[in-house]
Amino acid sequence: MTIFQAYQYAKTALQSAGIEDYAFESRQILRFVTGYTSSQILQSYDSQLLEAQEDVLVDLIRRRYQRYPLQYLLGFWSFFGLELSVGEGVLIPRSDTETLVETALEFLQGTKCARVIDLCAGCGCVALAIAQNAPDAEVTALEKYPQALRFLRRNVETYGNRVRILQADLADKPADGEYDLITCNPPYIPTDELHHLQPEIGFEPESALNGGKDGLDFYRLLCKVWVPRLRPGGRIVVEIGQGQDADVKALFAQAGLQQIAHRDDLSGIHRVIYGTASAPKH
């Protein structure tokens, strides 16, 4: 099988499986199988795959046809310029979450040695993106689950161990002071909606997706446990699901936050909500 034939085979199989971006995914699988860049693949269409490469290709296409996530098959995924290790047990980084990082970095401008904590850190995509782009910030990543911690530790090590890892539940109150910035991409899908999502999402950990009956359980917990941990003038920045902006803004207001607003993702969906802790009254 030549590389061109492999590409055609992959596209046909993935398209028939109902995968929307089948051409892009076929290229990603070919890059993984051959070790070539996209330009090298174009220049090598007539080259024959090795038998071992062909076997790997067929197995990857078979599993992807069954809607097993591409990111788990490859074992890595790109986020905010970082190549992160991912796999079963950890939420897959998504481009929508880059809006959260962009908002956080904007708030850190001009703040020296800011204390930052990313909650529900997963593979560390948010914490690492902040640490790489705000080098004087002191960044902590909090994660509860051992499966996710395995990938978090691996990614933190890859990028120079600049993020402190804290294994704890979101409901815990670690006694380590106050923060200038709290970020979080919590589980926010209402329980009843979990079984109506794309098949791939069924392979991701439910603990990273299930936001309770109305999808807001974790925002209530953030307001109760973590908003009080903000320094005066500090900010909390969270990702939300589509249509949750009014409810989360109301929770933030009830928690005493000020300057509450939203940011849209590239699709024009209200994706991020943020608020500012007020200064204490004298």
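Summary table below
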read-out: Unmet criterion (only one of (1) open to solvent by 60 Å² or more (accessible area, probe 1.4 Å); (2) aliphatic (A, V, I, L, M); (3) assigned to a strand (DSSP E or B)) for LEU84; value: (1)
read-out: Exclusive hit being more than 30 Å from LEU73 (Cβ to Cβ), open to solvent by 70 Å² or more (accessible area, probe 1.4 Å) and among the acidic types (Asp, Glu), set ASP247, ASP176; value: ASP247
read-out: Residue under evaluation PRO93, criteria (1) in contact with a Pro (Cβ under 7 Å, 6 or more places away or on another chain); (2) open to solvent by less than 30 Å² (accessible area, probe 1.4 Å), criterion not met; value: (1)
read-out: Every residue from the stretch 17-59 that is open to solvent by less than 30 Å² (accessible area, probe 1.4 Å), in a loop (DSSP other than H, G, I, E, B) and touching a Phe, Trp or Tyr at 6+ places or on another chain (Cβ under 7 Å); value: ALA17, SER44
read-out: Boolean, THR103 is open to solvent by less than 10 Å² (accessible area, probe 1.4 Å), out of contact with any Leu (no Cβ under 8 Å at 6 or more places or on another chain), at pLDDT 95 or above and hydroxyl-bearing (Ser, Thr, Tyr); value: yes
read-out: Checking GLU178 against (1) within 26 Å of HIS270 (Cβ to Cβ); (2) touching a strand residue (DSSP E or B) at 6+ places or on another chain (Cβ under 7 Å), the condition it does not meet; value: (1)
read-out: Scope the stretch 102-145; condition of a type in the set (A, V, I, L, M), free of Cβ contacts under 8 Å to residues at least 60 places away in the same chain and part of a helix (DSSP H, G or I); matching residues; value: LEU105, VAL126, ALA127, LEU128, ALA129, ILE130, ALA131
read-out: So GLU157, is it surrounded by fewer than 17 Cβ atoms within 10 Å (Cβ to Cβ), at pLDDT 95 or above and acidic (Asp, Glu); value: yes
read-out: Filter pass, ALA279 being over 19 Å from the mean Cα position of the chain (by Cα) and open to solvent by less than 50 Å² (accessible area, probe 1.4 Å); value: no
read-out: Residue match in the stretch 60-73 (condition: open to solvent by 30 Å² or more (accessible area, probe 1.4 Å), modelled with pLDDT of 95 or more, part of a loop (DSSP other than H, G, I, E, B) and out of contact with any Asp or Glu (no Cβ under 8 Å at 6 or more places or on another chain)); value: yes
read-out: Residues being of a type outside the set (D, E, K, R) and either surrounded by fewer than 16 Cβ atoms within 10 Å (Cβ to Cβ) or more than 21 Å from the chain's Cα centre (by Cα) (or both) - total across the stretch 179-190; value: 1
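The values are calculated or read from the model by the stated rules, or taken from the named source; none is laboratory data. Remember, it's a predicted structure, so these values are computed and weren't measured experimentally. All Cβ positions, glycine included, derive from the backbone under ideal geometry; neighbour counts span all protein chains shown. To get the accessible areas, we keep the full protein, side chains included, count just its heavy atoms, and leave off ligands, DNA and RNA. Shrake-Rupley method; radii C 1.70, N 1.55, O 1.52, S 1.80 Å.
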